[in-house]
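The values are calculated or read from the model by the stated rules, or taken from the named source; none is laboratory data. Quick caveat: nothing in here was measured; it's all calculated off a predicted structure. Cβ coordinates were reconstructed from backbone atoms using ideal geometry, including for glycine residues, and neighbour counts include every protein chain displayed.
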Amino acid sequence: MKNNIFKIVALLVVSVVLTSCSDKTKRQVQFMPDMYVSVAYEPYGENTAFANGMDSQSPVEGTIARGQVPYDYPNTNEGYEAAKKELKSPLSVHEVNSARGKSLYGIYCVVCHGKKGDGQGDLVKREKFLGIPNYKDRDITEGSIYHVIMHGRNLMGSHASQLTGEERWQIVKHVQTLRNDLLK
């Protein structure tokens, strides 16, 4: 009996020694291999896991990206007129940062509209663009300014992809300040 116990203990010691000598940096057993080595799919490729058979799925209808606010005025003349009449700044007096608005105006608008909003920016002076409006001569409201920044109008392109909603409203406030200065 003692001889059998000795053989069993010796066998266990030998098996422990042999298994402990293996490479510890490599995984010996994978319990769920799909978790360790996932299947790579090509972007916009086929994938049977989804009902439409495609790897990429479009966002759920009605969702908006984080940090974005829906803008309900379409890029049409009717949308412009509606924004001009109805759209008001959501910023309170405490949220308006005139220095930030001036800085953003200097980055995005000065080159065409000029520092004073008189339509005499560098590109106009070099005759690259002609007919840039003077803020004094235009019937504009904060809604129409925001709409033009959002969608663009005539030669002016949209700046919606470069500016957040709050930054657009900061620029609107600065444009209104420039317009008031020109009207004096």
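Below are the figures for this structure:
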{"read-out": "Breaking point among (1) surrounded by fewer than 16 Cβ atoms within 10 Å (Cβ to Cβ); (2) modelled with pLDDT of 90 or more; (3) farther than 25 Å from Ala65 by Cα, for Lys128", "value": "(2)"}
{"read-out": "Residues located in region 139-175, provided they are hydrophobic (A, V, I, L, M, F, W, C), over 22 Å from Glu78 (Cβ atoms) and surrounded by fewer than 20 Cβ atoms within 10 Å (Cβ to Cβ)", "value": "Leu163"}
{"read-out": "Residue list for region 70-89, restricted to those being modelled with pLDDT under 90, within 17 Å of Val172 (Cα to Cα) and either within 20 Å of the chain's Cα centre (by Cα) or exposed (fewer than 10 other Cβ atoms within 10 Å of the Cβ) (or both)", "value": "Tyr71"}
{"read-out": "Residue in region 91-111 that is assigned to a helix (DSSP H, G or I), surrounded by fewer than 18 Cβ atoms within 10 Å (Cβ to Cβ), free of Cβ contacts under 8 Å to residues at least 60 places away in the same chain and hydroxyl-bearing (Ser, Thr, Tyr) present", "value": "yes"}
{"read-out": "Residues of region 114-137 classified as touching a residue at least 12 places away in the same chain (Cβ under 8 Å), of a type in the set (Lys, Arg) and assigned to a loop (DSSP other than H, G, I, E, B), total", "value": "1"}
